[in-house]
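**Student:** Take a look at this one; I'll ask things after.
The values are calculated or read from the model by the stated rules, or taken from the named source; none is laboratory data. Small disclaimer: the values here were computed from a predicted structure and weren't measured. Glycine also receives a Cβ, built like all others from the backbone with ideal geometry; neighbour counts cover every protein chain displayed.
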Amino acid sequence: MDRRRWLSGLTVAALGGVLGACDKLTMSAGVQRGLARAEGLTRRVQRLVVDRKALAQEFTPAEISPDFRANGSTSPGDPEYRALVEGGFADWRLVVDGLVERPLSLSLAELRAQPARTQITRHDCVEGWSAIGKWSGARLGPLLDRAGLKEGVRYIVFHCADTLDPNAPPALGRYYESIDLIDAYHPQSILAYDMNDAPLAVKHGAPLRLRVERQLGYKHAKYVMRIEAVADLSGIGGGQGGFWEDRGYEWYAGI
Amino acid sequence: MPPPASTLVRRHGRVTRVTHWINLAALTVLLLSGLQIFNAHPALYWGDVSTFASPWVSLFAAERGGEGVGVTKIGSAYFETTGLLGFSGGEVRGIPSWATLPSYRSLADGRRWHFFFAWLFALNGLVYLSAGLIGGHVRRDLLPAPDQMTPRHLLREIADHARLRFPKGEGALRYNALQKLTYLAVIFGLLPLMVLTGLSMSPGMNAGFPWLPELFGGRQSARTIHFISAGLIVLFVVVHVAMVLVSGPVNSLRSMVTGKFAIRQGEP
């Protein structure tokens, strides 16, 4: 009996030691940098074997999920955003600026008059679940052409209205995302204002959310207020290209 | 009677030995980080999408008298699994902390470990397969010989396995048929299945290869099969290690490290 207790104690201690060592490894900056190298490899190989214009799978209306889950911000408490909701988004404007020839400020009605696309696609959350929804929105590519990207633009940044982490300084607590020009000009990359044939609900990002169908859900920024064309991501938020990227998630979320 | 003399023979080639241990390291990290990832949404579904109200497997927590209770749902059956699944270490978590990498909750860190070691696993597997197919290891050592595939021989092997009786002499020079069939199933079945179901979950790969998730009945089915295959690999490893232990652990381990394997002369 004593021996059994001694043995189980030893097992627990050994296991605890291994776990502690694994956690220490995980928290070491060098290990993180090393592991993160796989992301670049994944991105390059995926871009190599998948055509730049290859479309994400599209589904039939019958396959639309009746229970499309919403997570991240589902009801932003930011006063500016609340005021926009109160006013039915009449005062909402989408700003397109940064390294562009002609900065834009568009109302929802103007955005709805832009070249549009409708698609029924599967939304894959980084957590592991999937849901199918129908999205209609302004195509991002023509919109960027209308603003005219300047020489040297490499990324398109989406600034959002919602504070997802109220404990962080505003620059880090506010949601934002970024994609490169390959995805920005992909035919399925749209700024969606309708979901399942109805205006976007608040929990799904009203009045406008990005759809970048070949990447995971957290890239699909909700509550988009401003689109900024930039040459690099280092000056924005935590510098990693997005709210979740600043918290250790991959910038390239095609996996 | 004096103990039978034994001779050392060359058992495993260098590529087999090196890739075996890299594979073990990679699979260990993949399993533990995979369970960390699973904890972000510990539920499984069939088809393309998640039917949140009716997962076929889910791990969750409930409350009874102010205490957390872990619950595992499989099909329509519910099991109380407090301390192991659903609720453990005083917190709501699908898989307990001792079985995840890292032990604390971090989907981001779990993904980093998983995808780095997924590359290592895949590249290591490619090295093994190309060397095994070109060098003849697969044909010579893994494909069962005709004499091993007769019903009579197979029945004898099953009986021998049940009694944990294994050849120590000439007969140990080659894998037995059950062993060969199991290795073939793992090498050409389970492990490639892990890669394919893993890739099926990648939205980037889906755009280029939409038939991939469809092959498994949809992305959520692929995720489910990924999970079940991982369980079967664990089962294989448990049996594999048990067989090593009962058939002579020192000899088996040495042969997978140095390549040298001892066989007893004058024995079957």
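**Student:** Only one of A:Val100, A:Val31 is more than 30 Å from A:Lys150 (Cα to Cα) and of a type in the set (Val, Ile, Thr). Can you tell me which? Show your work before the answer.
**Tutor:** Values: A:Val100 fails: more than 30 Å from A:Lys150 (Cα to Cα).
Among A:Val100, A:Val31, only A:Val31 is more than 30 Å from A:Lys150 (Cα to Cα) and of a type in the set (Val, Ile, Thr).
**Student:** Looking for something within 30 Å of B:Tyr45 (Cβ to Cβ) and either among the charged types (D, E, K, R) or in the same structural domain as A:Val202 (by TED's automatic domain parsing) (or both) - is there at least one such residue anywhere in the stretch A:1-13? I'd like the intermediate steps shown before the answer.
**Tutor:** We begin by selecting, within the stretch A:1-13, every residue within 30 Å of B:Tyr45 (Cβ to Cβ); these are none.
No: the stretch A:1-13 contains no residue that is within 30 Å of B:Tyr45 (Cβ to Cβ) and either among the charged types (D, E, K, R) or in the same structural domain as A:Val202 (by TED's automatic domain parsing) (or both).
**Student:** Considering only the stretch A:25-65, how many residues are farther than 22 Å from B:Ala207 by Cβ, out of contact with any helix residue (DSSP H, G or I) (no Cβ under 9 Å at 6 or more places or on another chain) and within 9 Å of chain B (Cβ to nearest Cβ)?
**Tutor:** Of the residues in the stretch A:25-65, 0 are farther than 22 Å from B:Ala207 by Cβ, out of contact with any helix residue (DSSP H, G or I) (no Cβ under 9 Å at 6 or more places or on another chain) and within 9 Å of chain B (Cβ to nearest Cβ).
**Student:** Take the residues in the stretch A:92-129 that are touching a residue at least 60 places away in the same chain (Cβ under 8 Å) and among the small types (Gly, Ala, Ser); name whichever of them is nearest to the other protein chains (Cβ to nearest Cβ).
**Tutor:** So, considering only residues that are touching a residue at least 60 places away in the same chain (Cβ under 8 Å) and among the small types (Gly, Ala, Ser), the one nearest to the other protein chains (Cβ to nearest Cβ) is A:Ala116.
**Student:** On to the next question. When you go through A:Ala253, A:Ala231 one by one, which is the residue that is in contact (Cβ under 8 Å) with a residue 40 or more places away in the chain and away from chain B (no Cβ under 12 Å)? Spell out the reasoning first.
**Tutor:** Values: A:Ala253 fails: away from chain B (no Cβ under 12 Å).
Selected residue: A:Ala231, the only one of A:Ala253, A:Ala231 that is in contact (Cβ under 8 Å) with a residue 40 or more places away in the chain and away from chain B (no Cβ under 12 Å).
**Student:** Would you mind telling me which numbered condition in (1) touching a residue at least 60 places away in the same chain (Cβ under 8 Å); (2) within 12 Å of another protein chain (Cβ to nearest Cβ); (3) surrounded by fewer than 17 Cβ atoms within 10 Å (Cβ to Cβ) B:Thr7 fails?
**Tutor:** For B:Thr7, the failing item is (2).
**Student:** Would you check which residues across the stretch A:138-190 are of a type in the set (Lys, Arg) and within 13 Å of the chain's Cα centre (by Cα) and list them? So that I can check it myself, show each step before the final result.
**Tutor:** We begin by selecting, within the stretch A:138-190, every residue of a type in the set (Lys, Arg); these are A:139, A:146, A:150, A:154, A:174.
The one that is of a type in the set (Lys, Arg) and within 13 Å of the chain's Cα centre (by Cα): A:Arg174.
**Student:** Take the residues of the stretch B:26-55 that are free of Cβ contacts under 8 Å to residues at least 12 places away in the same chain and either more than 19 Å from B:Arg219 (Cβ to Cβ) or crowded, with 20+ Cβ neighbours inside 10 Å (or both): which is farthest from the other protein chains (Cβ to nearest Cβ)? Don't jump to the end; show me each part of the working.
**Tutor:** Initial filter on the stretch B:26-55 (free of Cβ contacts under 8 Å to residues at least 12 places away in the same chain): B:28, B:41, B:51-54.
Then keep just the ones that are either more than 19 Å from B:Arg219 (Cβ to Cβ) or crowded, with 20+ Cβ neighbours inside 10 Å (or both); that gives B:28, B:41.
Numbers: B:Thr28: 10, B:His41: 4 Å.
Among those that are free of Cβ contacts under 8 Å to residues at least 12 places away in the same chain and either more than 19 Å from B:Arg219 (Cβ to Cβ) or crowded, with 20+ Cβ neighbours inside 10 Å (or both), it is B:Thr28.
**Student:** If I ask for residues that are among the hydrophobic types (A, V, I, L, M, F, W, C) and part of a helix (DSSP H, G or I), which ones from the stretch B:137-170 would you list?
**Tutor:** First, the residues of the stretch B:137-170 that are among the hydrophobic types (A, V, I, L, M, F, W, C): B:138, B:142-143, B:145, B:149, B:154-155, B:158-159, B:162, B:164, B:166.
Those that are among the hydrophobic types (A, V, I, L, M, F, W, C) and part of a helix (DSSP H, G or I): B:Val138, B:Leu142, B:Met149, B:Leu154, B:Leu155, B:Ile158, B:Ala159, B:Ala162.
**Student:** Separate question: Does the stretch B:150-166 contain any residue that is of a type outside the set (Gly, Ala, Ser), surrounded by 15 or more Cβ atoms within 10 Å (Cβ to Cβ) and within 21 Å of the chain's Cα centre (by Cα)?
**Tutor:** There is at least one residue in the stretch B:150-166 that is of a type outside the set (Gly, Ala, Ser), surrounded by 15 or more Cβ atoms within 10 Å (Cβ to Cβ) and within 21 Å of the chain's Cα centre (by Cα).
**Student:** Among the residues of the stretch A:206-240, which ones are more than 21 Å from B:Trp113 (Cβ to Cβ), touching a Phe, Trp or Tyr at 6+ places or on another chain (Cβ under 9 Å) and in a loop (DSSP other than H, G, I, E, B)?
**Tutor:** A:Ala206, A:Pro207, A:Leu208, A:Glu213, A:Ala221, A:Lys222, A:Tyr223, A:Ala231, A:Asp232, A:Leu233, A:Ile236, A:Gly237, listed by residue number.
**Student:** If you don't mind, another one. Among the numbered conditions (1) in the same structural domain as A:Asp183 (by TED's automatic domain parsing); (2) on the phi < 0 side of the Ramachandran plot; (3) free of Cβ contacts under 8 Å to residues at least 40 places away in the same chain, tell me where A:Gly88 comes up short.
**Tutor:** (2)
**Student:** Continuing with the same structure: If a residue must be polar (S, T, N, Q), within 24 Å of B:Gly47 (Cβ to Cβ) and either at pLDDT below 95 or surrounded by 11 or more Cβ atoms within 10 Å (Cβ to Cβ) (or both), how many such residues does the stretch A:44-82 contain? Show your work before the answer.
**Tutor:** Residues of the stretch A:44-82 polar (S, T, N, Q): A:46, A:57, A:60, A:65, A:71, A:73-75.
Now restrict to residues that are within 24 Å of B:Gly47 (Cβ to Cβ): A:57, A:60, A:65, A:71.
From the residues that got through so far, the ones that are either at pLDDT below 95 or surrounded by 11 or more Cβ atoms within 10 Å (Cβ to Cβ) (or both) too are A:57, A:65, A:71.
The qualifying residues number 3.
**Student:** Still on this model: State whether the residues of the stretch B:69-86 include one that is of a type in the set (D, E, K, R), within 14 Å of chain A (Cβ to nearest Cβ) and either buried (at least 17 other Cβ atoms within 10 Å of the Cβ) or not in a strand (DSSP E or B) (or both).
**Tutor:** Residues of the stretch B:69-86 that are of a type in the set (D, E, K, R), as a first pass: B:73, B:80.
From what is left, the residues that are within 14 Å of chain A (Cβ to nearest Cβ) are none.
Checked against the condition, which is being of a type in the set (D, E, K, R), within 14 Å of chain A (Cβ to nearest Cβ) and either buried (at least 17 other Cβ atoms within 10 Å of the Cβ) or not in a strand (DSSP E or B) (or both), the stretch B:69-86 yields no hits at all.
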